[in-house]
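The values are calculated or read from the model by the stated rules, or taken from the named source; none is laboratory data. Since the structure is predicted, the reported quantities are computational estimates derived from the model, not experimental observations. Methodologically, a virtual Cβ is constructed for each residue, glycine included, from the backbone with ideal geometry; neighbour enumeration extends over all protein chains shown. Just so you know, the surface numbers come from the protein's heavy atoms only, side chains and all, with ligands and any DNA or RNA stripped out. Shrake-Rupley method; radii C 1.70, N 1.55, O 1.52, S 1.80 Å.
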Amino acid sequence: AQYLEKADKLTLPVIPLGGITAFPAIPVNFELTDDVSIAAADAANATDAFVFLISLQAPAANELTADLFYKTGTVAKIKQSVKTPDGAMRVIFEGYARGDMLDLHHFANYYTASVLVKTVEQISTPDLRDEAMLREGARLLDEMKNLIPTITNDVIKTAKEIIS
């Protein structure tokens, strides 16, 4: 098997983590209590539900700056969220991929970050047996056209495009 690493630059709402680390492909469940994180989760829920979970190196007093964060975090998708009567939000995130923060911006009442998202995909290359099967399928389609005259050339052409 061969692997392909892809890198995309996204702008995502930031949820700062204190004492929690999120990893790709692992669900994490916690409660958001600060207004900045709740606003970021609301913004994510209003779009594609993706957020950037990133740990703080040190507790933040007021204003968050990029140097307060570690540079690598996790791009995650909000799977479920519910607001509690006391104004907090319980959220279940599922890690999607590792991400590196490029910069941090204050946006409305939450923060966004430009994130370089790195994913690895397994790509399959057809082996000799697969190629032989595809060629045999194309040959059989031509044979079917001769045996069943009601099949149009468009049907055969479309079927050949699917298998090639």
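Take the chain, connect every pair of alpha-carbon atoms lying under 10 Å apart with a spring to form a Gaussian network, then pick out the residue of ASP67, ASP142, ASP35 with the largest mean-square fluctuation.
Checking each option, the largest mean-square fluctuation is seen for ASP142.
Considering only protein heavy atoms and a 1.4 Å probe, what is the carbon-and-sulfur percentage of the accessible area of region 1-144?
Whole-percent figure for carbon plus sulfur exposure: 54.
Lys and Arg at +1, Asp and Glu at -1: add these up for the other residues within a Cβ distance under 12 Å of ILE123 and post the number.
In short, -1.
Under 10 Å from the Cβ of SER114, count the other residues' Cβ atoms, weight Lys and Arg +1, Asp and Glu -1, and hand me the total.
With Lys, Arg at +1 and Asp, Glu at -1, the net is -1.
Taking a ≥ b ≥ c as the square roots of the Cα gyration tensor eigenvalues, with a/c under 1.5 meaning rounded and otherwise prolate when a/b beats b/c, else oblate, which class fits region 107-164?
It is oblate, given that a/c is not under 1.5 and a/b is not larger than b/c.
Provide the per residue accessible area, probe 1.4 Å, for region 101-162, rounded to a whole number of square angstrom.
That works out to 74 Å² per residue.
Rounded, prolate or oblate, given the Cα gyration tensor of region 68-164, with a/c below 1.5 counting as rounded?
Prolate.
Just checking my list (i) 1.59; (ii) 1.08; (iii) 1.15 against Cα Rg over 2.2 N^0.38 Å computed from this structure; which label fits?
Working out Cα Rg over 2.2 N^0.38 Å from the coordinates points to (i).
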